[in-house]
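Heads up, the thing below is written out as structure tokens.
The values are calculated or read from the model by the stated rules, or taken from the named source; none is laboratory data. Please read these numbers as outputs of a predicted model, since none were measured by experiment. Here Cβ is always computed from backbone atoms with ideal geometry, including for glycine, and neighbour counts include all displayed protein chains.
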Amino acid sequence: MTRKSNSSFATVSTTSRQLGFGLLWLASTPVTSRLANAQEVTVANEQSVVQAPVSQTFIMVSAPVTAEVFVDNKPAGQTPLQFPVEAGAHTVRVAADGFDPFVRRVTVIEGQTANLNADLMEGGGTVEFQASVSPATLVLDDGEMILPIRLNELSEGDHTWTIRATGYESATGTFTLSKGKNVFIYENLESSRGKVLIESNPLDATVYMDGENIGLTPINMENVDSGVHSVLISKKGYAKVFRTMDNTLGNKGIVKASMSKIGARVKIKTKNKDAQVYIEDHLVGSGKNVRVGLVEQGNYDVRIVTDGHKPLLSNIHVPPSGKVKFVANLISNEESGRPSLTKKGAQKSINWALWGGVAVGSAAVAGGSVLFIQSMETEEAPSGDAIISLP
């Protein structure tokens, strides 16, 4: 008690000096009067820091029954409802099961309240779809239509839907429709510009994009520059997968690869220790002999570069299985001619004395009985040797 009393006195004394009053005034003024004056000062000070109320803008919505209210396509509450908004135009949607939705465009003046009475009319239920972008497409069950749209003859039960638009992420969902029920689905679609998705089966495959290691699958990326990108997916024991991904139009770049253990083992012989070998713009090795490894069947662009030599640009075909070797004939900058890349053993010289045997074999591979019979017919053999391509 003593400490509290001393503390109070010290506070009053300090305050008195700050206000310019003497101790004599304190002694001569009744205690009750001093407390009253102090209270008045406190109240006055509190009132001085309170700001004047700011006028607000509202939309007042009423309806003959309790109904759900959406303001600018977002749930706002149930009627009767007073909802704060910014001045300007707003879309108000009022819906109750057993009634047709009531939609109006309302313009509200700053500092005022706009009153909207929703005159609901009885109905059998509807399903309405809208999206934040236009044009947008709705895929409802097996049908496709353009948004916005309201459907009032949709069958009861479960339904699936997808909303998509060029350059935006698709949205997907489900709903159950019962008699007299109103369903409102609005999707704020997110831009897909710069987004990339790369998946593989199996997972955890190494991904190179434009020659750079970007991690293991699955990969989700953002802020990827628009353009054509080369993608290489590699996993030990599986054939390498080369893909091209184009997100030029702002669409999401998607690469999905089902990797296989079946492929051909590719080897490229450059005969130059400084040569660098690129397949589909990916550096796959350097030196005189480049072992690319297992590659899935397909056609691929090859580029070989080395100092002092003309760059070699070619296309190779990788068979579905086996081993395949390509030999590069690099040309120095001082030489004339063009560099080339050939498949070793791709062409064989045979003597026309074997012509009949080759014809029969070709027909047998083709699997056609008519061709096989035709090949057995007598045919005069040309003179000299011929170059044919063997599988």
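Computed quantities for the displayed model
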| read-out | value |
| --- | --- |
| Residue count for the stretch 98-113, restricted to those that are in contact with a Gly (Cβ under 6 Å, 6 or more places away or on another chain) and crowded, with 16+ Cβ neighbours inside 10 Å | 2 |
| Residues satisfying the stated conditions in the stretch 78-116, i.e. within 12 Å of Phe58 (Cβ to Cβ) and acidic (Asp, Glu) | Glu86, Glu110 |
| Residue under evaluation Leu203, criteria (1) surrounded by fewer than 18 Cβ atoms within 10 Å (Cβ to Cβ); (2) assigned by TED's automatic domain parsing to the domain that holds Gly263; (3) part of a strand (DSSP E or B); (4) of a type in the set (A, V, I, L, M, F, W, C), criterion not met | (3) |
| Test result for Gln112, touching an Asp or Glu at 6+ places or on another chain (Cβ under 8 Å) and either among the charged types (D, E, K, R) or on the phi < 0 side of the Ramachandran plot (or both) | no |
| Among the candidates Val207, Val277, Val255, Val231, residue that is within 13 Å of the chain's Cα centre (by Cα) and not acidic (Asp, Glu) | Val255 |
| The listed residue being touching a Lys or Arg at 6+ places or on another chain (Cβ under 9 Å), over 30 Å from Phe129 (Cα atoms) and outside any loop (DSSP other than H, G, I, E, B), out of Ser230, Ser226 | Ser230 |
| Test result for Asp307, within 16 Å of Lys273 (Cβ to Cβ), assigned by TED's automatic domain parsing to the domain that holds Asn213 and acidic (Asp, Glu) | yes |
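The rows are residues; the columns are (1) outside the structural domain of Ser178 (by TED's automatic domain parsing); (2) within 24 Å of Glu187 (Cβ to Cβ); (3) loosely packed, with under 15 Cβ neighbours inside 10 Å.
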position: Asp72; (1), (2), (3): yes, yes, yes
position: Ala76; (1), (2), (3): yes, yes, no
position: Asn115; (1), (2), (3): yes, no, yes
position: Glu144; (1), (2), (3): no, yes, yes
position: Glu156; (1), (2), (3): no, yes, yes
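For every residue, the table says whether it meets (1) of a type in the set (Lys, Arg); (2) surrounded by 11 or more Cβ atoms within 10 Å (Cβ to Cβ); (3) in contact with a Gly (Cβ under 9 Å, 6 or more places away or on another chain); (4) at pLDDT 95 or above.
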residue	(1), (2), (3), (4)
Arg291	yes, yes, yes, yes
Asn299	no, no, no, yes
Ser369	no, no, no, no
Glu379	no, yes, yes, no
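This table checks each residue for (1) part of a strand (DSSP E or B); (2) modelled with pLDDT of 95 or more.
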site	(1), (2)
Val54	no, no
Met60	yes, yes
Val65	no, yes
Ala89	yes, yes
Val103	yes, yes
Asn115	yes, yes
Glu128	yes, yes
Ser134	no, no
Ser155	no, no
